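The values are calculated or read from the model by the stated rules, or taken from the named source; none is laboratory data. Keep in mind that what you see is a predicted model, and the values were worked out from it rather than measured. Every residue, glycine as well, gets a Cβ built from its backbone with ideal geometry; the counts of neighbours run over all protein chains shown. Quick note on the areas: whole protein, heavy atoms, side chains included, nothing else; ligands and nucleic acids left out. Shrake-Rupley method; radii C 1.70, N 1.55, O 1.52, S 1.80 Å.
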Amino acid sequence: MRFFTPEVLENPYPFYSDWRADQPVWRDEDTGDWVITRHDDVRSILKDSAHYSSNAMGGESGPLPLLADDPPRHTQLRGLVNKAFTVRMLRTIEADVVQIAESLVADLAVGTQVDMVEGLTTPLPVAVISQMMGIPGERAMDFKRWSDALTGTLAGVSLADRQLEVAEMAAYFNSLIPVRRAQPGADLISSIVNAEFSGETLADSEIVGFCMLLLIAGNETTTNLLGNFLNIIVDRPDQFQRLLEDPGLIEGAIEETLRFDGPVQFLRRRLLRPATFYGQKIKVGEVVHVVMGSANRDERSYADADQFVMDRARNHHHTFGFGIHFCIGAPLARLEAKIALKALLGRFRSLQRGHTENERVPSHLLRGFHHLNMILAES
């Protein structure tokens, strides 16, 4: 059996269903890694950092702080960036997010095809995270290109070209370090550059890694969350009408999108001790793919698991992870999505699919759209 196939990329959910039913743990013949698909197994691994190491999250571009660190280092580093994503801190930028979202929505054309990725789902989070990091607005598209290179979601780009993009990004962040040391501001990069652990500041390479991580956390999740929601709701006009009549359902619609078609499909963990699942023994050092996208549709844990239910009573999805590695960008993604949807519902009364084919992000890890074409109507 194989995990990384075009068929799974296009629509993984029928495959997940079969795997949960017939082979809840199996070994991918291409990578040699194990695939874990049931809800309770996924949760047990994600919460057990003592026996399942996140250092398996390193990729071609090298590991990123927090994503690939384990305690106690992880605990120290996370304490630094958590301050940027608290409810109190997000309240201070909420008005700016509203202004950016409403401006983008106001610019969307009426009655003609619009690429919602280019018009809304990409520029909103990129503008917000750029502002939070103290980056000039004119570098916003560089940010998106670099982020896509780092996550492997640049379509038709070779690994060598991706590495060049990542090197360009690293050089840019490196150039900011002496500036933010000499003249620190209220931005995230200044906080990281001047942070101290046990009397010592972070190495320049760690600072660059942190900046890369914040870039991903600040835009990829929101872009894909919004795109996936629009792709779901466009085929459910009755649900769209419910949102128009009751905007109080927006938060539930966001959580259900995260469960039903989440922007992150799996994480990787390396075993620090042997484990057995359904009689299958997995050795120390081997890697498991922990498939949250499958866990979120497990019929053992969710009623009507394959249905989109905006007012689902209990939605304990794993899209943002679980335990100490819970996604630091989750509060920001939720805030941006809520504000963006309120802006859309405030202007448009209906939407339908465009005439040209949409393009998915070419990644099994991140699920979203590079192009999502729609036609919007104000009445």
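With the structure loaded, tell me whether residue 160 is in a helix (DSSP H, G or I), within 21 Å of residue 208 (Cβ to Cβ) and modelled with pLDDT under 90 or whether it fails that test. Give the steps one after another, and end with the answer.
On the way: in a helix (DSSP H, G or I): yes; within 21 Å of residue 208 (Cβ to Cβ): yes; modelled with pLDDT under 90: yes.
Taking the combined requirement at face value, the residue satisfies it.
Please enumerate the residues belonging to the stretch 338-347 that are surrounded by fewer than 19 Cβ atoms within 10 Å (Cβ to Cβ) and not charged (D, E, K, R). Full working, then the answer.
If we filter the stretch 338-347 for residues that are surrounded by fewer than 19 Cβ atoms within 10 Å (Cβ to Cβ), which is where we start, we get 338, 342, 345-347.
Within the stretch 338-347, 345, 346 meet the criteria.
Results for (1) under 28 Å from residue 329 (Cβ atoms); (2) hydroxyl-bearing (Ser, Thr, Tyr), shown as yes or no for each residue.
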position: 231; (1), (2): yes, no
position: 241; (1), (2): no, no
position: 253; (1), (2): yes, no
position: 291; (1), (2): yes, no
position: 302; (1), (2): yes, yes
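Considering every residue within the stretch 294-301, establish whether at least one is surrounded by 21 or more Cβ atoms within 10 Å (Cβ to Cβ), aliphatic (A, V, I, L, M) and assigned to a strand (DSSP E or B).
No: the stretch 294-301 contains no residue that is surrounded by 21 or more Cβ atoms within 10 Å (Cβ to Cβ), aliphatic (A, V, I, L, M) and assigned to a strand (DSSP E or B).
Which of the residues belonging to the stretch 245-259 are part of a helix (DSSP H, G or I) and either open to solvent by 20 Å² or more (accessible area, probe 1.4 Å) or under 18 Å from residue 362 (Cα atoms) (or both)?
Looking only at the stretch 245-259, we keep the residues that are part of a helix (DSSP H, G or I), and these are 245, 247-259.
Result: 245, 247, 248, 249, 251, 252, 255.
Is it fair to say residue 173 is in contact with a helix residue (DSSP H, G or I) (Cβ under 7 Å, 6 or more places away or on another chain), of a type in the set (Phe, Trp, Tyr) and modelled with pLDDT under 85?
Working: in contact with a helix residue (DSSP H, G or I) (Cβ under 7 Å, 6 or more places away or on another chain): yes; of a type in the set (Phe, Trp, Tyr): yes; modelled with pLDDT under 85: no.
No, not satisfied.
Pull out all pairs, ordered by first then second residue, where Cβ-Cβ is under 6 Å, the residues are six or more apart or on different chains, the first lies in the stretch 120-142 and is β-branched (Val, Ile, Thr), and the second is at pLDDT 90 or above.
Every condition considered, the pairs that remain are 121/223; 121/226; 121/227; 122/223; 128/97.
Could you say which residue among 303, 275, 333 is farther than 30 Å from residue 32 by Cβ, in contact (Cβ under 8 Å) with a residue 12 or more places away in the chain and of a type in the set (A, V, I, L, M)? Give the derivation first.
On the way: 303 fails: in contact (Cβ under 8 Å) with a residue 12 or more places away in the chain; 275 fails: farther than 30 Å from residue 32 by Cβ.
Exactly one residue qualifies, and that residue is 333.
Any residue in the stretch 268-290 that is open to solvent by 10 Å² or more (accessible area, probe 1.4 Å), within 16 Å of the chain's Cα centre (by Cα) and of a type outside the set (Gly, Ala, Ser)?
Within the stretch 268-290, one or more residues are open to solvent by 10 Å² or more (accessible area, probe 1.4 Å), within 16 Å of the chain's Cα centre (by Cα) and of a type outside the set (Gly, Ala, Ser).
Please verify whether residue 41 is within 14 Å of residue 294 (Cα to Cα) and loosely packed, with under 12 Cβ neighbours inside 10 Å, treating the condition exactly as stated. Spell out how you get there, then give the answer.
Details: within 14 Å of residue 294 (Cα to Cα): yes; loosely packed, with under 12 Cβ neighbours inside 10 Å: no.
When the stated conditions are applied, residue 41 does not pass them.
So which residues in the stretch 319-343 are touching a strand residue (DSSP E or B) at 6+ places or on another chain (Cβ under 8 Å) and either among the polar types (S, T, N, Q) or at negative phi (or both), if there are any at all? Spell out the reasoning first.
Filtering the stretch 319-343 down to residues touching a strand residue (DSSP E or B) at 6+ places or on another chain (Cβ under 8 Å) leaves 319-321, 325, 327.
Answer for the stretch 319-343, where residues must be touching a strand residue (DSSP E or B) at 6+ places or on another chain (Cβ under 8 Å) and either among the polar types (S, T, N, Q) or at negative phi (or both): 319, 320, 325, 327.
Looking only at the stretch 223-239, which residues are aliphatic (A, V, I, L, M) and within 14 Å of residue 358 (Cα to Cα)? Spell out the reasoning first.
The first filter runs over the stretch 223-239 and keeps only residues aliphatic (A, V, I, L, M), leaving 225-226, 230, 232-234.
Across the stretch 223-239, the qualifying residues are 230, 232, 234.
How about the stretch 310-331: which of its residues are under 26 Å from residue 240 (Cα atoms) and either more than 21 Å from the chain's Cα centre (by Cα) or not in a loop (DSSP other than H, G, I, E, B) (or both)? So that I can check it myself, show each step before the final result.
Restricting attention to the stretch 310-331, the residues satisfying the condition of being under 26 Å from residue 240 (Cα atoms) are 310-320, 330-331.
Matches in the stretch 310-331: 311, 312, 313, 314, 330, 331.
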